[in-house]
Amino acid sequence: MIPLQKPKALWISTLSLGVLAGAALILPLQIPAKGDPMPPLVTSLLLAALIGLLVWLTQPWRVAIRGARGDISISMAIDVAAMLLFHPYIAALGSAAGTAFYHLVGVPFTRQVPREQRVPRALIRGVVTFAAVALGSWAARIIRPAPGPIVFTADWLAIFAGISIRLLIRIIFYPLGMAALREGPVWAYLKREWERLPLVPFLLTTTLGGTAALIFQYQPAALVLLFGPLASTWALSQEFHRMNRLLDTLEDKVADRTARLAQTVTALERRLAESEALHAVDEAISTAIHPDEVLTVIARESVRVTGGSSALISLLTADGSRQFVRATYGAGMEDYVGLELPMEGNLTSLVIKTGKPHFSRQPDQDPRLNQDLVRSGQWRDVIEAPIRTKDRTLGVLVVASRQPRRFDEQHLRLLTLLANQAGRLIENSELHAKAREVAVLEERNRLARELHDSVTQVLFGLTLNLESAVGLMDKKPEKVRGLLTRSKEMAGEALAEMRSLIFELRPAALQEKGLAMALSNHINLFRRRHGVEVSLALSGDERLSPDVEFALYRVAQEALNNVAKHARARHVRVKLDLSPEEALLEVCDDGVGFDPGAGARGESFGMIGMRERVSEVRGSLEVRSAPGQGTCIRARIPIASGGDPR
């Protein structure tokens with residue numbers, strides 16, 4: 001059985017040998033040439049056997065020329081001489097038989113032929129030799145002006161054409177036929193073989209064969225003068241021939257080692273890129289304020305490790321009924337953050353339902369993809385991997401390339417690792433959000449107990465004192481002063497207690513880690529409670545005074561509360577920009593909007609409260625809205641006025 005490396009190599013070898021053998025068998029029959037007819041069968045077989053014997057015995061006799069590359073068997077000279085002297089089929093049969101027999105069993109007392117692939121090697125060499133000799137002989141006979149003995153002055157063109165065809169068939173079709181037995185890419189092997197062809201020895205032996213044919217017709221004994229010196233030269237050139245073989249073997253080994261080294265380097269580069277990507281994601285998880293920042297890092301690393309051009313991450317809402325693009329990476333992709341993707345008839349929805357990755361090899365013809373994204377990113381190949389936890393799919397990691405068929409199974413493995421990182425991040429974020437909700441409920445219960453145990457009782461005592469003072473106003477006015485004084489003290493105690501409790505209402509994250517973390521936590525709670533997609537953009541890391549941070553936090557709270565109550569929005573964009581000059585907070589929604597100058601919403605206590613909080617720290621509040629065009633609330637606070645913690 002032939003140990004094939006690739007089906008393509010077998011196809012090339014089979015097709016080339018089939019075409020060649022068919023031409024050698026059919027052309028001499030369909031287009032008869034000038035020359036002597038085929039001798040009787042017995043004579044033909046004897047001549048073929050004699051030619052085969054000579055070819056077999058001369059196979060180990062190889063010609064090498066110092067300064068020229070490679071060597072060639074002197075048996076080719078026998079092929080050429082037989083090709084010019086005898087009928088095409090007699091010469092071809094004898095040469096092919098001698099060549100094939102040598103590669104099957106070798107010649108006694110000479111170097112052994114390779115044992116590997118002995119039968120297919122002998123078959124291929126036999127077919128190529130038969131076709132080369134048959135077609136070369138047939139072409140020479142076609143071109144000769146008249147049959148009979150060869151006359152060089154009259155037949156030089158025919159001799160040249162026959163030898164050239166014999167040589168070209170050997171040069172072209174032998175490497176093609178042997179392609180099925182070689183390792184590595186087919187065209188790389190063919191290029192290497194054609195670069196290593198011993199052209200000078202080829203020309204020498206074919207010329208020698210033509211000369212031998214001319215001498216044999218007139219003075220056969222003179223062939224001794226031709227081949228005698230060659231025999232002695234051959235004996236002296238064996239060492240050089242051995243060095244040539246060693247050089248060829250060394251080159252093959254170097255080429256093989258180089259190919260293996262290249263594969264190892266490629267594998268190591270992929271592993272290194274994988275490790276760097278996972279490290280970048282882990283670092284982002286440990287330092288990022290908001291999960292969306294980590295998702296952006298995952299999208300960026302997905303593009304880097306796969307060699308793609310863009311990426312996006314879509315996530316399901318809490319109830320699993322809708323999916324939105326939460327993070328992107330690549331030129332022009334930031335405009336698609338917040339885009340809602342359909343839950344039916346879409347490739348991401350298919351990945352979510354099946355929990356399995358999918359490829360799209362022709363994105364521009366795939367109706368399951370958003371064609372605006374495909375055209376904008378010039379996508380030519382797309383791979384999508386599910387973002388999963390242990391028991392459910394949370395979203396999809398999508399990576400695209402501008403190169404066709406860029407992604408393979410190795411890229412899919414890398415994307416699966418990054419998608420798993422995203423799944424763990426989202427799961428941990430949800431667990432933290434639930435833990436924060438529990439902590440908030442526990443804090444509310446504690447404050448309720450504190451109010452009952454302290455403020456409520458003080459207010460109850462204050463009420464009793466005031467009722468007593470009213471009853472004694474006319475009867476014993478001298479006691480009223482004492483009751484009022486005590487009531488004033490009790491009111492002061494209640495006020496102090498309320499201020500203490502209100503201060504405790506400030507989020508722990510606001511006091512410990514600043515406004516950005518507190519705002520991120522609150523937005524996560526808002527998403528879970530109301531199912532509205534909210535994107536958070538943070539810029540700057542300035543710490544503000546507690547009053548300014550608390551004011552901006554309450555403005556964001558009230559603005560989001562208005563969105564939940566009135567806006568009927570699908571997406572909200574929150575932006576916090578902390579620069580050395582000012583603090584800017586923007587909360588914009590795509591809801592129904594309103595007229596700020598007329599209507600109940602513009603005069604609500606919440607809106608008034610936001611203006612008062614901002615004005616207390618010398619800031620300004622701007623409200624932009626119109627019916628059907630959403631609402632944008634912008635709070636600006638100069639750092640020098642209230643934000644400088646110094």
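General observations
- Considering the conditions (1) of a type in the set (Gly, Ala, Ser); (2) at pLDDT 90 or above; (3) open to solvent by less than 10 Å² (accessible area, probe 1.4 Å); (4) closer than 16 Å to Ile169 by Cα, Ala96 is excluded by exactly one of them, (3).
- Strands (runs of 3 or more DSSP E) wholly inside segment 299-401 that include at least 2 residues being open to solvent by 30 Å² or more (accessible area, probe 1.4 Å) and within 21 Å of Leu417 (Cβ to Cβ): 323-329, 358-360
- From the list Phe130, Phe202, the one residue that fits, being surrounded by 14 or more Cβ atoms within 10 Å (Cβ to Cβ), in a helix (DSSP H, G or I), of a type outside the set (D, E, K, R) and modelled with pLDDT under 80, is Phe202.
- Applying the criterion of being out of contact with any Asp or Glu (no Cβ under 9 Å at 6 or more places or on another chain) and part of a helix (DSSP H, G or I) to the residues of segment 586-609, the residue that is modelled with the lowest pLDDT is Glu603.
- Any chance Pro108 is touching a Lys or Arg at 6+ places or on another chain (Cβ under 6 Å) and in a loop (DSSP other than H, G, I, E, B): no
- Residue that is modelled with the highest pLDDT, among those in segment 616-646 that are open to solvent by 70 Å² or more (accessible area, probe 1.4 Å) and part of a helix (DSSP H, G or I): Glu616
This table checks each residue for (1) closer than 18 Å to Glu301 by Cβ; (2) at pLDDT 85 or above; (3) not hydroxyl-bearing (Ser, Thr, Tyr).
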residue	(1), (2), (3)
Ser360	no, yes, no
Asp366	no, yes, yes
Asp372	no, yes, yes
Ala385	yes, yes, yes
Thr389	no, no, no
Val398	yes, yes, yes
Arg406	yes, yes, yes
Leu418	yes, no, yes
Leu425	yes, no, yes
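- Answer residue from segment 519-556, given it is open to solvent by less than 30 Å² (accessible area, probe 1.4 Å) and of a type in the set (S, T, N, Q) and is nearest to Ile637 (Cα to Cα) among those: Ser545
- Residue count for segment 476-490 under the criterion of being open to solvent by less than 40 Å² (accessible area, probe 1.4 Å) and farther than 16 Å from Gly461 by Cβ: the result is 1.
- Test for Glu612: is it assigned to a helix (DSSP H, G or I) and either among the charged types (D, E, K, R) or closer than 22 Å to Leu295 by Cα (or both): yes
- Scoring Trp156 on the criteria (1) open to solvent by 60 Å² or more (accessible area, probe 1.4 Å); (2) closer than 20 Å to Ala82 by Cα; (3) not in a helix (DSSP H, G or I) leaves a single failure, condition (3).
- Identity of the residue in segment 305-316, at pLDDT 85 or above and out of contact with any Ser or Thr (no Cβ under 6 Å at 6 or more places or on another chain), that ends up farthest from Glu269 (Cα to Cα): Leu316
- Residues of segment 151-170 that are under 21 Å from Ile124 (Cα atoms) and of a type in the set (Val, Ile, Thr): Ile163, Ile165, Ile169.
- Meets criteria (modelled with pLDDT of 75 or more, in a loop (DSSP other than H, G, I, E, B) and buried (at least 16 other Cβ atoms within 10 Å of the Cβ)) for Pro32: no
- For the condition within 16 Å of Pro28 (Cβ to Cβ), modelled with pLDDT of 85 or more, surrounded by fewer than 22 Cβ atoms within 10 Å (Cβ to Cβ) and not hydroxyl-bearing (Ser, Thr, Tyr), Ile143 qualifies.
- Candidate set: segment 16-51, residues that are in contact (Cβ under 8 Å) with a residue 12 or more places away in the chain and of a type in the set (Val, Ile, Thr); chosen: the one farthest from Leu123 (Cα to Cα): Ile31
- Exactly one residue out of Ala569, Ala559, Ala583 is over 19 Å from Ala518 (Cα atoms) and either open to solvent by 10 Å² or more (accessible area, probe 1.4 Å) or at pLDDT 85 or above (or both), and it is Ala569.
The values are calculated or read from the model by the stated rules, or taken from the named source; none is laboratory data. Since the structure is predicted, the reported quantities are computational estimates derived from the model, not experimental observations. Note that we place each Cβ from the backbone using ideal geometry, even for glycine, and neighbour counts take in every protein chain shown. Quick note on the areas: whole protein, heavy atoms, side chains included, nothing else; ligands and nucleic acids left out. Shrake-Rupley method; radii C 1.70, N 1.55, O 1.52, S 1.80 Å.
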